[in-house]
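A.B. asks: Encoded as structure tokens, here's the structure I'll be asking about.
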Amino acid sequence: GSQRILASLKDDRVMVEHVRECVALLGRHRIDIIGSFMLFCPDEKRDDIEKTLRFADWFSRQPNAIFTLFSVATPFPGSELWLRYRREVPRPVDWEDFMSYHFADYGMPRVWFEGDMSPEERRSIWRRASAIRRATPRRRKDRHYYRAALEVRGRAGVLRAQDDVKAALARVRLGLSA
């Protein structure tokens, strides 16, 4: 949702509008999609989070959206986020912090980059994200469908830009391997 945060995490070639166009293109070809959104990134402001939540809400209402997932920016060892986190927070690492959910905190994952938001504000944001996730219609719950989708994803790799999506769709139409 936030172009500023997307550019800081990826690169300037990935554009929010391109993602919107890809979602529409895949929808026209009846290709189901899963949206994965990251919250509480370094330097993320309330306005950035609001943009991400609005974009995720838009995504969840698309006819080809089957899941909308949220995660918290997590600095896994070896990543650029890890190096940044270790510079900013030089305290010992509790490896239990890498668990996906902390049940003592009402199912909310640990927030690594807290910014200037209070814990209550972070929980409120997480509740909004959870409501968007729950509102996404679950279509095609058949486990065989998902197994096949995962196999296709494994062969095709991750598509990073609109041109990649168009090229992949062209290859599919021509019967070429991804």
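The values are calculated or read from the model by the stated rules, or taken from the named source; none is laboratory data. Nothing here was measured: the structure is a model prediction, and the numbers come from that model. Counting neighbours? That spans all protein chains shown, and the Cβs are built from the backbone with ideal geometry, glycine included. Areas reflect the complete protein model, heavy atoms only, side chains present, ligands, DNA and RNA absent. Shrake-Rupley method; radii C 1.70, N 1.55, O 1.52, S 1.80 Å.
A.B. asks: Which ones in region 13-48 are within 26 Å of ILE125 (Cβ to Cβ), open to solvent by 80 Å² or more (accessible area, probe 1.4 Å) and either modelled with pLDDT under 90 or not in a loop (DSSP other than H, G, I, E, B) (or both)?
C.D. replies: Scanning region 13-48 gives GLU17, ILE34, SER36, ASP43, ARG46, ASP47.
A.B. asks: Still on this model: Among the numbered criteria (1) part of a loop (DSSP other than H, G, I, E, B); (2) modelled with pLDDT of 75 or more; (3) surrounded by 13 or more Cβ atoms within 10 Å (Cβ to Cβ), which one does ILE66 miss?
C.D. replies: ILE66 satisfies every listed condition except (1).
A.B. asks: Continuing with the same structure: Which of the residues that make up region 69-112 are touching a Phe, Trp or Tyr at 6+ places or on another chain (Cβ under 9 Å), modelled with pLDDT under 70, open to solvent by 30 Å² or more (accessible area, probe 1.4 Å) and part of a loop (DSSP other than H, G, I, E, B)?
C.D. replies: Correct list: TYR106 only.
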